[in-house]
1. Okay, helix-only estimate at 222 nm for the chain: each DSSP H run of n ≥ 4 adds -39500 (n - 2.57), divide by all residues, round to 500 deg cm²/dmol; what do you get?
2. Identify all lysines with a Cα-Cα distance to Lys77 below 19 Å; exclude those on the same chain that are fewer than 8 residues away in sequence.
3. Report, to two decimal places, the Cα Rg of segment 1-66 normalised by 2.2 N^0.38 Å (N = number of residues).
4. Can you give me the convex hull volume of the Cα atoms of segment 114-168, divided per residue and expressed in Å³?
5. Using only the alpha-carbon atoms of the chain, report the extent along each of the three principal axes, biggest first, to the nearest angstrom.
6. What accessible area per residue comes out for segment 97-169, rounded to a whole number of Å², with a 1.4 Å probe?
7. Classify segment 27-101: rounded, prolate or oblate, from the alpha-carbon gyration tensor (a ≥ b ≥ c, eigenvalue square roots; a/c under 1.5 rounded; otherwise prolate if a/b is larger than b/c)?
8. Percent relative contact order of segment 51-95, based on C-alpha pairs within less than 8 angstrom and at least six residues apart?
Amino acid sequence: MELSEFLNYLNSGKTVEGGSEVHKYMSELSGEAMKITAQINNVYHSPEELKTLFETLIGRPTEDFRLFPPFYTDCGKNIRVGKNVFINSGCCFQDQGGITIGDGVLIGHQVVLATLDHVLDHDKRQSIIPRPIVIGNNVWIGSHATILGGVTIGDNAVIAAGAVVTKDVPPNTIAGGVPAKIIKKIETERKGL
């Protein structure tokens with residue numbers, strides 16, 4: 001199986017049957033991700049070296065990207081990162097279902113982005129369902145927040161620390177709690193106009 005074929009399958013949202021060719025390829029990519037994240041996490045690297053390792057992990061270039069290790073992912077190849085993104089230490093990205101991060105995003109300590117669900121039928125529980133996470137521009141995700149698959153977070157939104165986000169968050173809002181609910185709308189000031 002080729003990487004492009006694998007990503008196309010996952011991004012279609014089809015169930016990945018346990019033991020299938022897609023499932024086996026997923027395991028191979030996990031091994032590669034573990035090697036690269038071990039390099040990221042187990043010795044000091046300059047910011048530029050971290051950027052290069054992260055680009056190797058995701059298989060594409062980044063711009064004005066910063067990462068504070070440790071960082072964990074079990075695939076890496078289905079992460080897309082915009083410009084001027086900061087990921088703080090201890091984050092865990094389960095990206096097989098697809099993670100898209102917009103420009104100017106700030107991700108706090110130990111944030112979890114989880115894009116896979118297991119099938120509920122106990123006889124088929126090894127099978128998984130990929131669901132993408134889309135994070136808009138200028139989003140701030142507080143420490144220890146968890147974002148589940150299928151969620152879109154709108155531009156300029158803030159996710160409170162410790163929130164568990166199970167539903168879409170509209171632009172220009174603050175969401176918090178377990179499960180997360182909209183707390184308030186963000187009013188922006190325009191000075192000098």
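The values are calculated or read from the model by the stated rules, or taken from the named source; none is laboratory data. Since this is a predicted model, take the numbers as computed values, not measurements. Cβ coordinates were reconstructed from backbone atoms using ideal geometry, including for glycine residues, and neighbour counts include every protein chain displayed. Heads up: the accessible areas ignore ligands, DNA and RNA and are worked out on the full protein's heavy atoms, side chains in. Shrake-Rupley method; radii C 1.70, N 1.55, O 1.52, S 1.80 Å.
1. Result for the chain, helices only: -7000 deg cm²/dmol.
2. Of all the lysines, those that pass the test against Lys77 - Cα under 19 Å, at least 8 places apart if same chain - are Lys14, Lys24, Lys35, Lys51.
3. Working: Rg = 14.5 Å, N = 66, 2.2 N^0.38 = 10.8 Å.
Working it through for segment 1-66, the quotient is 1.34.
4. Numbers: hull volume 3.9 nm³, N = 55.
Residue-normalised Cα hull volume stands at 70 Å³.
5. Per principal axis, max minus min of the Cα coordinates gives 59, 42, 26 Å.
6. On the way: 3190 Å² over 73 residues.
Heavy-atom SASA per residue in segment 97-169 reads 44 Å².
7. Working: a/c = 1.59, a/b = 1.11, b/c = 1.43.
Since a/c reaches 1.5 but b/c is at least a/b, the shape of segment 27-101 is classed as oblate.
8. Values: 66 pairs, mean separation 18.9, N = 45.
Relative contact order here is 42 percent.
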